[in-house]
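Single-structure report; data block below.
What follows draws every value from the coordinates through simple rules; no lab data is involved. Only a predicted model underlies this, so the values are computations on that prediction, with no experimental measurement involved. Don't worry about glycine lacking a Cβ; one is built from the backbone with ideal geometry, like all the others, and counts go over all protein chains shown.
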Amino acid sequence: MIKIIADSTCDLSREFIEQYDISLAPLTINIKGNVYRDRIDIKPDDFYNIVKDLDKEPTTAMPSPTEYLNIINQSIKEGYKQILCICMSSGTSGVYQSAIIAKEYFYEENSRSTIKIHVVDSKCMSHGSGWLVLKSARLREKGATFEELIEFNERYKTNVKHFLSVDDLDHLIKSGRLTNASGFIGKILKLKPIMTMKKGKGSIVAKERGRKKVLKYYIREFINRNRWDITDFVIIGYTSDKEIAENLKNKIIEETDFKGNIFIMQMGVAVGAHVGLGAISMFFIEK
């Protein structure tokens, strides 16, 4: 039996988390001195309703090694012999290192254990790691072995294409998810920046005037970059405006030949604290 573990920034919907029995290690969010567990103590809509009125930036913290160790031990109690843990990029958070420490501690305490644990540094953010988690769950359902899941993740993790457009760069700059230089350029030009991931960190790859041109860019790049033989689903993410996500979904259906699933999912609080209101994202496997 193969267990899949993710951190809460994978931003998969509760439906998929429950359907595929995925265990989540939640990040925590500090808002005005109060600490909340992502998607447990505070829901995305509740956060987005209050974030614009906050006078101090929310901060986030990674799950502790103990949190991961508890999930590992619980999974073993439930009969799992192989554990695949997929983490957000080590270039944006210490989540991966936290999971590695938990794995090492487990083997120190259980040196003769036959349990197999593999931790993936996804090099992704938000639904980027979520794409890998969901794909792994679907491959597992089709009978993929533990080794095959590891091979897929390690081979294709840097091919998960991220497109993210935000209304306000300040959140990303302050959190370190975007370099100061890239953020400064985007603010000076007063354009809507489009980000992707490069070497595990956020980087601006384009700037467009207006949301319509942003969506056109997404569609054009998707047609040119998509690896059609592997991308059997696309994830569209949003923070506070689901209508934008629906518009993008309709454009994919109307303007491309893509016949797979198109899932719309809301970004969680831990991600939303860094990207802010009005964010729209898209994820698929590129060539």
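Label segment 1-85 by shape, choosing from rounded, prolate and oblate, from the square roots a ≥ b ≥ c of the eigenvalues of the Cα gyration tensor; if a/c is under 1.5 it is rounded, and otherwise prolate applies when a/b is larger than b/c, oblate when it is not.
Values: a/c = 3.57, a/b = 2.02, b/c = 1.77.
Verdict is prolate for segment 1-85.
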Checklist entry - Hey, of (i) 14.7; (ii) 21.3; (iii) 19.5, which did the structure itself give for mean projected area of the Cα convex hull in nm² when calculated? => result (i)
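Quick one: grab the alpha carbon gyration tensor of segment 2-157, order the square roots of its eigenvalues as a ≥ b ≥ c, and give me rounded if a/c is under 1.5, else prolate or oblate depending on whether a/b is larger than b/c. All intermediate terms of the calculation are to be shown ahead of the outcome.
On the way: a/c = 2.00, a/b = 1.57, b/c = 1.27.
Because a/c hits 1.5 or more and a/b exceeds b/c, segment 2-157 counts as prolate.
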Checklist outcome for this item: Listed by chain and number, the lysines with an alpha carbon less than 21 angstrom from that of Lys157, same-chain partners under 8 positions apart left out, are Lys3, Lys103, Lys116, Lys123, Lys135, Lys142, Lys198, Lys199, Lys201, Lys287
Next on the checklist: What do you get for the angle between helix 95-109 and the principal long axis of the chain? Use alpha-carbon atoms, 0 to 90 degrees, nearest ten.
Outcome noted: 0 degrees
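As a footprinting exposure proxy, order Tyr217, Tyr20, Tyr96 by other Cβ within 10 Å, with the fewest listed first.
Working: Tyr217 19, Tyr20 16, Tyr96 24.
Lowest count first: Tyr20, Tyr217, Tyr96.
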